[in-house]
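**Q** Structure in structure tokens, see below.
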Amino acid sequence: MYRFMAAASAAVLSCSAALAQGTDPLAPTGRWTAYTAGRAATPPMGWNSWNAFASAVDEEKVMGSAKRIVDSGLADKGYRYINLDDGWAAKRRLPDGHLIIRADKFPSAVSRNKKTPSFKPYTDRLHAMGLKAGIYSDMGRHTCAEAWSPTDDDLPKGSPAERAVGLYDYVEQDIELYFRDWGFDYIKVDGCGLRDFGPNSPKVKAGVALELKPILDLGALTRTDVDAVQNLFRRVGAAIERSNPDGDYLYSLCIWGAANVRAWAKDVGNTSRTSDDISPAWGRLLVNLDSAVHRALYAHPGSWNDPDMLHIGAGDFDAAHLTEARSHFALWAMLNAPLLIGTDLRTTPDALMEIFGNADLIALNQDAAGNQATVAYDSSDLQILVKTLDNGDKAVAVFNRGTGMQDVNLQATQMKYRDDAPIELTDLWTKKQTRFTKETKLSLAPRETLAFRARGTRALADGIYLSEQPGKVNPAVDGVTRPIADPTIFRTASGWAGTRGAGDRPQYAGWGGARADSAPYGQTLQITRKTYSSGIGILANSRLEVRNDGYRRFSTKVGVDDSATDKAHTVTFTVYGDGKRLAESRPMKWGMSAELIEADVTGVKLLELVARSAATETEALSVTWGEAALTDRQPR
Ligand code: GLA
């Protein structure tokens, strides 16, 4: 009983549903539980109106960009979703609650014989162009622009209840309208309505918005009702599924890394914002990148990290800053981020169109294996990201975060290639090919990202390390009991707030989550001084789901990581195959040398790796699945 209680409390945030039913969240399920519904086997690509136009969006602006997407050939390269963001709603009609479109901005919505404007002609037009259509709403009663817009010009009008154009009291009705009646294929659900309309909100005080007690606070997880937020998003997800019996939809969550969403969005929707809004400023790119870059294990086909839309075309990423613009694109491609263009394509110069159209980088982002790049070399000024592709090639991005030149040693071992066999590199910007063995020297200009496709000889000849295939590893329970902000995420002077106040605080929860090739808090994976360059680091009382694609053998060296400060509690490591126990370690404590666990996994579709302990403070109990690998693949 004690063991069960401990395990249960360890999973309190990610497994509240299981707890409510009194079940053990570490018990094997035999099922992959991350989100796979909808149409996001690869990250969505397309265009969104917000970065270019904010709420001053209209039909001509959207259609102009849609037309350029088709005419320029970007549509053929995969840019398909044309997403209308905030600013389209005129009001909610009462008493029937029907949403009214701003007909002055969307003339096709008004037809002579119908009284109520409809987006059907608009989505029909996009569909006829071979594109898909996206819409925007908010989980609360009012949208972000209604909270933050400096002017009233483009906001809904009328009584507070008429201005309540968000989903809150109308989930089923609105979702049905968007998907069944209006024919949209994609929805972005924002979260300002859940946080910005408390009793002291200027809009509530001014009598232009309905009050809603905040349940979300980006700056204070302790003031966030994580379960309530998650339940609302699940309810919207269920409505979306009902309104789309053919499954052709995409559900995009937008609560900017609040409510510990970086841990649970993978179970609830197709993409999820990991940070606050991007702006066309270098520091902001770093924040948004950092919010996703160490969380490869939380992204899979069907459930992607979203560090926000591309801001190529403005500020630090405009045509006068091609180095920065290229870095932005290459990094987002490597992260398996949605590639949503955020500029007015009617006037975009060719040099930037070429970046959007780089087919080699798009191919990395859209690679069928769905592995987000992992961090092979990490520092505050230089990072090397490596992504394992479906055909076994590696994609490599070498990223100079800073403002000085950087000399770089790129090593075979960083790609998990043998260092005694040649490696072929293709530069994905210049297409130049080079070869090296063991190590090559590169030189990077300030803010430059070199991007390569690499082909070499795998260090693990007959298999794959789990950390090479994060798209097939799901930390169903990651052991985090008290989510706290990740202090390593870059903090920048935010453009929108100026430098008033005390500055940017660490705010994105997720510190201590599951990591590829790293202990949960960033240390080297290490058991009794032996380091592991490959492996999964996670906290105790955790359960990893691993898809097995025809391999026959699983092996790993397990133990409590040297970085753990809990030296008292034991941890037992168990491997399950399709729900059945296959292998188990002895109870292990800090200071005990690693134990080899092996299992025959022939025919097994899903492995589960459970690290169970009676400890309740699992934050102090990091464990290591060292060299965890699937080998000996069945001939296909
Ligand atoms: C929030 C979102 C943005 C955008 C605006 C619209 O700030 O994060 O991406 O949708 O709202 O108001």
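The values are calculated or read from the model by the stated rules, or taken from the named source; none is laboratory data. A quick note: this is a predicted structure, and the numbers were derived from the prediction, not measured. Every residue, glycine among them, receives a Cβ derived from its backbone with ideal geometry; neighbour counts consider all protein chains shown. Side chains included, ligands, DNA and RNA excluded: accessible areas come from the protein's heavy atoms. Shrake-Rupley method; radii C 1.70, N 1.55, O 1.52, S 1.80 Å.
**Q** Let me know the charge dipole size of region 28-123 about its Cα centre in debye, to the nearest 20, where only the beta-carbon of Lys, Arg (+1) and Asp, Glu (-1) is charged.
**A** The calculation lands at about 360 debye.
**Q** Could you give the distance between the Cα centres of region 147-223 and region 548-585, to the whole Å?
**A** Region 147-223 and region 548-585 have Cα centres spaced 45 Å from each other.
**Q** Order Glu439, Glu468 by their accessible area, 1.4 angstrom probe, all chains in place, largest first.
**A** Glu439, Glu468
**Q** Here's a follow-up. Hey, what angle do you get for helix 59-71 against the long axis of the chain, alpha-carbon based, 0 to 90 degrees rounded to 10?
**A** Around 50 degrees separate the two axes.
**Q** While we're here: Measuring from label point to label point, each 7 Å out along Cα→Cβ, what is the Arg93 to Lys441 span in nm?
**A** 7.2 nm
**Q** Return, for the Cα atoms of region 32-89, the radius of gyration and Dmax in Å, separated by a comma.
**A** 13.8, 43
**Q** Pairs of Cα atoms under 8 Å, at least six residues apart: use those to get the relative contact order of region 21-114, whole percent.
**A** 27 percent
**Q** Taking the Cα atoms of region 256-336 alone, what are Rg (to one decimal) and Dmax (as a whole number) in Å?
**A** Every Cα atom of region 256-336 included, Rg and Dmax give 12.8, 40 Å.
**Q** While we're here: When only Cα pairs under 8 Å and 6 or more residues apart are kept, what is the percent relative contact order across region 409-499?
**A** In percent, rounded to a whole number, it is 26.
**Q** Same structure, new question: So, in Å, what gap is there between the alpha-carbon centers of region 392-450 and region 43-122?
**A** Here the answer is 42 Å between Cα centres.
**Q** Also: What aspartates and glutamates does Lys205 reach when the alpha-carbon gap must be under 17 Å and sequence neighbours fewer than 8 apart in one chain are set aside?
**A** Within the straight-line limit of under 17 Å, Lys205 reaches these aspartates and glutamates: Glu146, Asp152, Glu162, Asp196.
**Q** Another question about this same structure. Across region 116-212, what fraction of all alpha-carbon pairs, as a whole percent, falls in each successive 5 Å bin from zero upward?
**A** Spelled out per bin, shortest first, that is 3, 14, 21, 22, 16, 13, 7, 3, 1, 0.
**Q** May I have the extent of the alpha carbons of region 55-193 along their three principal axes, as whole Å values ordered from largest to smallest?
**A** 44, 35, 27
**Q** Greater than 22 Å separation of Cα atoms is the criterion. Which listed pairs, Lys132/Lys157; Lys91/Lys266; Lys91/Lys203, meet it?
**A** Lys132/Lys157; Lys91/Lys266
**Q** P(r) of the chain in 20 Å steps, Cα pairs, percent per bin?
**A** Answer for the chain: a P(r) of 20, 53, 26, 2 percent.
**Q** If you line up the long axis of helix 282-293 against the longest principal axis of the chain, both from Cα atoms, how many degrees apart are they, to the nearest 10?
**A** Roughly 50 degrees between the two axes.
**Q** Related question: Before rounding to the nearest 500, sum -39500 (n - 2.57) across all DSSP H runs of length at least 4 in the chain and divide by the residue total; then give [θ] at 222 nm in deg cm²/dmol.
**A** Calculated at 222 nm, the ellipticity per residue is -5000 deg cm²/dmol.
**Q** Of Ala583, Cys144, Gln411, whose Cα points farthest to the positive end of the dipole of the chain (charges on the beta-carbon: +1 Lys, Arg; -1 Asp, Glu; origin at the Cα centre)?
**A** It is Ala583.
**Q** May I pose another question? So what's the convex hull volume per residue for the Cα atoms of region 296-454, in Å³?
**A** Convex hull of Cα atoms, per residue: 112 Å³.
**Q** State the Cα centre-to-centre distance between region 612-627 and region 315-335 in whole Å.
**A** If we compute the Cα centre of each part, the gap is 39 Å.
**Q** Please arrange Ser72, Ser243 by accessible surface area, largest first, computed with a 1.4 Å probe and ligands excluded.
**A** Heavy-atom accessible area, descending, gives Ser72, Ser243.
**Q** In addition: At 0.890 mPa s and 25 °C, plugging the Kirkwood radius over alpha-carbon pairs of region 500-557 into Stokes-Einstein gives what diffusion coefficient in µm²/s?
**A** So the translational diffusion coefficient is about 173 µm²/s.
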